[in-house]
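J.: Pasting a structure below so you can have a look.
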């Protein structure tokens, strides 16, 4: 068991393949792991995703708002749980719907339709029946790809001119500053 901030259990990791509703009368959700394990939780999928976003330094609403600011994806918006680790998820239907299934993009291989049912195939060889058409699923994957590409190309501080973004913290010396500029004796042998 892995814990995050303030003892929160980390249920969403790079190994998470999907999160869906549980229909066993006890649990609210089931998480599908890359190894093929199913992890049942008393938490609703939205609560799990909110907690995951918090552990990865944001909120669910903040991540959704950022994607909507960049693109006009106002319905079934892709969720960047952790852009630094490329953890992105797409909903199959409205996220507020109990039956919504969240699919984690890095593990999706393909999709098929058979006898009117749509299946997503994962890179681990597993498959899951989903509650949307293959056309909707393909559109969701395309939106996620655009989102991932956009947010992976935002320049980092290290790519910018550091002197413009340097913070001064009293008592801490920057490696970029030469203390002799200030005429100070920096030796400790007095």
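The values are calculated or read from the model by the stated rules, or taken from the named source; none is laboratory data. These numbers come from a predicted model, not from an experiment. Cβ sites come from the backbone with ideal geometry, for glycine too, and all protein chains shown count toward neighbours.
J.: Name the residues in the stretch 59-73 that are touching a strand residue (DSSP E or B) at 6+ places or on another chain (Cβ under 9 Å) and surrounded by fewer than 18 Cβ atoms within 10 Å (Cβ to Cβ), would you?
T.: 66
J.: May I pose another question? Keeping to the stretch 88-103, report how many residues are over 19 Å from residue 16 (Cβ atoms) and surrounded by 19 or more Cβ atoms within 10 Å (Cβ to Cβ).
T.: Residues meeting the conditions: 0.
J.: Any idea which of 106, 85 is under 15 Å from the mean Cα position of the chain (by Cα), exposed (fewer than 13 other Cβ atoms within 10 Å of the Cβ), touching a residue at least 60 places away in the same chain (Cβ under 8 Å) and closer than 18 Å to residue 18 by Cβ?
T.: Result: 85 is the single residue among 106, 85 that is under 15 Å from the mean Cα position of the chain (by Cα), exposed (fewer than 13 other Cβ atoms within 10 Å of the Cβ), touching a residue at least 60 places away in the same chain (Cβ under 8 Å) and closer than 18 Å to residue 18 by Cβ.
J.: Taking the condition of being closer than 20 Å to residue 98 by Cα, free of Cβ contacts under 8 Å to residues at least 40 places away in the same chain, touching a helix residue (DSSP H, G or I) at 6+ places or on another chain (Cβ under 9 Å) and part of a helix (DSSP H, G or I), how many residues in the stretch 38-63 meet it?
T.: Matching residues across the stretch 38-63 total 4.
J.: Could I ask something else about it? Which of the following residues is more than 21 Å from residue 61 (Cα to Cα) and either assigned to a helix (DSSP H, G or I) or at pLDDT 95 or above (or both): 118, 147, 186?
T.: Details: 147 fails: more than 21 Å from residue 61 (Cα to Cα); 186 fails: either assigned to a helix (DSSP H, G or I) or at pLDDT 95 or above (or both).
Only one candidate passes the filter, namely 118.
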